[in-house]
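One structure below.
The values are calculated or read from the model by the stated rules, or taken from the named source; none is laboratory data. Since this is a predicted model, take the numbers as computed values, not measurements. Please note: Cβ atoms are built from the backbone with ideal geometry, for glycine as well, and neighbour counts cover all protein chains shown. Areas reflect the complete protein model, heavy atoms only, side chains present, ligands, DNA and RNA absent. Shrake-Rupley method; radii C 1.70, N 1.55, O 1.52, S 1.80 Å.
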Amino acid sequence: MNKLVSITLCSLLLVACGGKKGVQKPTKPNILFVLVDDLGYADLSVMGSQYYETPNIDKIAKSGTVFTNGYAACTVCSPSRASLMTGQSPARHGITQFEGLRNSGQAWKERKRYTKLLPPEFRHHLDSSSVTLPEAFKEQGYATFFAGKWHLGGEEQKSLPTDHGFDVNIGGNHAGGPNGGYFSPFNNPNLPNLPEEKGLNLSMKLANETSKFIKTNKDKPFLAYLSFYAVHGGIQTTKEKWNKYRNKAEKMGIAEEGFEMERVLPARKHQDNPVYAGLIEHVDEAIGTVMQTLKDLNLDKNTIVVFTSDNGGVTSGDNFSTNQLSLRGGKGYQWEGGIRIPYFIHVPWLNQDGASINVPVSGTDLYPTLLDLSGLPLKPTAHMDGVSLKPLLLGENIDERPLYWHYPHYGNQGGEPSSIIRKGKWKLVYYWEDLHAELYNLDTDLGERTDLAESNPEMAEQMETQLLDWLHSMDTHYAVEDPLWDKAAREKWLEHQKKVLLPRLEKQRKEMLSPDWKPNKDWWGSEVTN
C-alpha cells in the first residue's frame, strides 16, 4: 500500500500533461458511478490486499487516478450516501445515522446496550428541497439510472430514487441490506425476478440491468449509478468461490487467532474470510461486465467512471468480515479504517494511468467534480460542502481545507459518538461521552496508536476549537446523557463481548475455514437443481 501513499513525480507528470493523445473530450460525457457498500480501503488487490482478487476494479484504478486519502462523509452508510447525492456533510443534511427506527432516544435504550448517552433524532430520508446529483444532470438533458441499494427513504416518505432525479430505479428502496439474500429469487419489490435467472447473483443482476440501460441510451448522454448491495452482510457466495478462497487462506497460512478486542467489540485480525472474498469477486465480475459493455459500444472513450465506497470495511459487528491492514478499525469506527475508502476517478481523455494523489478529499466532492469534468455549471448552493477536484486531476492545486465528520451515535460495529477534523497531517477525534479528544499525526502514525493530545496541547486545542466552531455553524444535533445510565450494566455488557462473543467468533471462523464446511443445503440458493 505504500506505493499509493504519496503523489509520485511520475504521477504528477502524467496528470499534468493534460489530454490523452487521440482521445478528445466529448461535449457531454457519460457518467458511470460505481458505489460498493461497506467496501474497505484495503479490500482490493490494487490497494494492498494479498487475499482478495479484483482485476476489473484494479483496471479502473490503474487507468484512472487513485485518491489515497479519499474519505467517506460518514462512518456508516445512509449519511454517506446522502452526502454523495447532495454534496453536503451529514451535519448539514441531517441524516447522521443509517435509516432505522431504533437508533435514537428511548428506542435506542430499549436495545439494551446500556450506553452513557442517548443518540439524537435524525432525518430518515433525503430532503425533497435538496438539488441532487442526478437532478443536476437531468436538468442538462442526461438520462439518469439507478440500480441497487438506496437506503435514503422509501415509498412511504416519497423518497425513492425516482423522487430525487433518477428516471429509472432498479432495486432501490428503504432497505439497507439484500433482503432475500444474494441469489435469485430476490425479495425486493423493485427488482423483478425472472424464472431463467434463478440462482443468479444479485451483483450480476444489477450489472446486467445497468448494461441494458447503457445499450438503450447509447446515443444520448447518461448518468448510470450502480450501487451494489454487496458487500453488506449477511455475506454469501458460491461453493466454488468459498473453496477457492478457503484454499488460498490455507496456502497463505491460517493464523491460530482470528480476532482481538477493540475498545468495544472484537475485531477481525486478518483478511481470511473465504465467503467475504467470494462476495468481493462477485462484485468485481459484475463491474467487469459493465465495463465490457462500454467498450463494446465504443463508449469507454467518452464515459467518466467513478469507483468508491460509502464507509470502511466491516472489521467489527455485522459479519466481522475483513481487516484493514495498516488502518485501525472499520465501518462505524472513528478511526481511519471507518472513513478512509477506495476513491478512483477515471477520465478517458486525461493522461492518468494510475496516478495517485494524496490530497485529502471527501465523498461530498464528487458531485461538483462530475459537473465540472462534464463542462456543466456548478451548483454551489447545492453541493455546499464539496469542491471540484478537476484541478487536481489536471495536475494543479486546490486550496487546503479541513475535512469534518459528525457522528453523534453509537455504531453497531463499535463506534462511539464523536466528531472529527482532519487538517493536513493532523487528525483530531472529539468524544461526546466525556468530551476528551485524541490527536494523531497520520504521516507517522497511520494506525492511530499514539495519542498526541497531551504532548501537543496547542495543536489539540486549536483543532478542537475549529471543529466545535464548525459544528456550531451547522446547527446540528448531539447525543444527550441518559439520567438513568446504569454503568454497571454497561460494564457487564462489555465483558460479555470479550468473554462470550469473541470465543464464539473464533469458533465460527475455524468452522468456515474447515474443508467440510457448508452453510446450508444449497449454498444460499446459488446451487440450482433443474
Report task. Please calculate how many Å² of accessible area the chain carries per residue, with a 1.4 Å probe and no DNA, RNA or ligand atoms counted. Result -> 40
Requested in this report: Just the number, please: percent antiparallel of the DSSP beta bridges in the chain, rounded to the nearest 5.
Outcome: 55
Query raised in the report: If packing is taken as the mean number of other Cβ atoms within 10 Å per residue, what is the order of 103-112, 56-65, highest first?
Result: 56-65, 103-112
Query raised in the report: Which loop-located GluC sites (Glu not before Pro) does the stretch 385-472 contain, where loop means any DSSP state but H, G, I, E or B and the Cβ has at most 11 other Cβ atoms within 10 Å?
Result: GLU396, GLU400, GLU454
Query raised in the report: Roughly how big is the stretch 379-530's charge dipole about its Cα centre, with Cβ charges of +1 (Lys, Arg) and -1 (Asp, Glu), in debye to the nearest 20?
Result: 880
Query raised in the report: Residue by residue through the stretch 111-126, which ³J(HN,Hα) values in whole Hz follow from phi under the Karplus form 6.51 cos²θ - 1.76 cosθ + 1.60 (θ = phi - 60°), with glycine and proline marked x?
Result: 7, 6, 8, 6, 7, 5, 10, 9, x, x, 5, 8, 6, 9, 7, 4
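Under the rule a/c < 1.5 gives rounded, and otherwise a/b versus b/c splits prolate from oblate, where does the stretch 244-395 land using the Cα gyration tensor?
Numbers: a/c = 2.73, a/b = 1.57, b/c = 1.74.
In terms of gyration-tensor shape, oblate.
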Report summary line: For the pair ALA255 and TRP517, the simple spin-label estimate (label points 7 Å beyond Cα toward Cβ) gives in nm 1.6
Query raised in the report: In debye to the nearest 20, how big a dipole does the chain give about its Cα centre with +1 on each Lys and Arg Cβ and -1 on each Asp and Glu Cβ?
Result: 1200
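With the contact rule set at Cα under 8 Å and sequence spacing of 6 or more, what percent relative contact order holds for the stretch 200-341?
Details: 193 pairs, mean separation 35.0, N = 142.
After rounding, I find 25 percent.
For ARG113 and ASP434, compute 0.36 nm times the residue count separating them, minus their Cα-Cα distance, and round to one decimal in nm. Intermediate results must be reported in sequence, preceding the final value.
Working: separation 321, 0.36 × 321 = 115.56 nm, distance 1.76 nm.
Separation in residues times 0.36 nm, less the Cα-Cα distance, equals 113.8 nm.
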Query raised in the report: Within the accessible area of the stretch 372-530, what % is carbon and sulfur when the probe is 1.4 Å and the other protein chains stay in place?
Result: 50
Report task. Return the lysines within reach of LYS518: Cα separation strictly under 17 angstrom, same-chain partners fewer than 8 residues apart disregarded; answer none if there are no such residues. Result -> LYS239, LYS241, LYS244, LYS507, LYS510
Query raised in the report: Does the stretch 27-128 classify as rounded, prolate or oblate by the C-alpha gyration tensor (a ≥ b ≥ c root eigenvalues; a/c under 1.5 gives rounded; else a/b over b/c gives prolate, otherwise oblate)?
Result: oblate
Requested in this report: Quick one: accessible surface of TRP485, probe radius 1.4 Å, all protein chains present, in square angstrom to the nearest 10.
Outcome: 80
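Which order do peptides 351-361, 501-511, 89-99 fall in by mean Cβ count within 10 Å, highest first? Can you show the working numbers first?
Numbers: 351-361: 20.6, 501-511: 14.9, 89-99: 25.0.
Packing order, densest peptide first, comes out as 89-99, 351-361, 501-511.
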Query - Filter on LYS59/LYS220; LYS379/LYS427; LYS28/LYS301 - keep pairs with C-alpha separation over 18 Å - result: LYS59/LYS220; LYS379/LYS427
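Please give the charge dipole size of the stretch 270-406, origin at the Cα centre, charges +1 on K and R Cβ atoms and -1 on D and E Cβ atoms. Round to the nearest 20 debye. Spell out each step's value before the answer.
Numbers: 8 positive and 16 negative charges, 44 e Å.
The calculated dipole for the stretch 270-406 is roughly 220 debye.
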Report summary line: Which of (i) 25.8; (ii) 24.2; (iii) 30.4 is the computed mean projected area of the Cα convex hull in nm²? It is (ii)
Query - 10 Å beta-carbon shell around LYS248, net charge (K/R +1, D/E -1) - result: 0
Report task. For each pair in LYS62/LYS251; LYS499/LYS521; LYS62/LYS425, compute the distance between the two Cα atoms and list the pairs where it is over 30 Å. Result -> LYS499/LYS521
**Report entry** Cα→Cβ-extended label distance, 7 Å offset, between LYS507 and VAL528, nm
**Finding:** 3.7
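What percent do you get for the relative contact order of the chain when only Cα pairs under 8 Å and 6+ apart count? Numbers along the way, then the final one.
Details: 1216 pairs, mean separation 134.3, N = 530.
In percent, rounded to a whole number, it is 25.
What does the charge count near LEU439 come to, summing +1 for each Lys or Arg and -1 for each Asp or Glu among other residues with Cβ under 15 Å from its Cβ?
Working: positive: ARG328, ARG422, LYS423, LYS425, LYS427, ARG449; negative: GLU336, GLU438, ASP443, ASP445, GLU448, ASP451, GLU454, GLU458, GLU461, GLU464.
After counting each charged neighbour, the total is -4.
With r defined as the distance between the Cβ atoms of GLU491 and GLN24 and R0 fixed at 56 Å, what FRET efficiency is calculated, to the nearest 0.05?
On the way: r = 65 Å, r/R0 = 1.16.
After rounding to 0.05, the efficiency reads 0.30.
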Report task. Within the stretch 171-196, find all residues whose amide N lies under 19 Å from a label point positioned 7 Å from the Cα of GLU240 along Cα-to-beta-carbon. Result -> 182-185, 196
Report summary line: For the stretch 171-243, the accessible surface attributable to carbon and sulfur atoms (probe 1.4 angstrom, ligands and nucleic acids excluded) amounts in percent to 50
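Just the number, please: carbon plus sulfur as a percent of the accessible area of the stretch 290-333, 1.4 Å probe, no ligands or DNA/RNA counted.
Numbers: 510 of 1170 Å².
Carbon and sulfur atoms account for 43 percent of the accessible area of the stretch 290-333.
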Query - Lys/Arg +1, Asp/Glu -1 at C-beta; the chain dipole; positive extreme among SER83, TRP108, TYR182 - result: TYR182
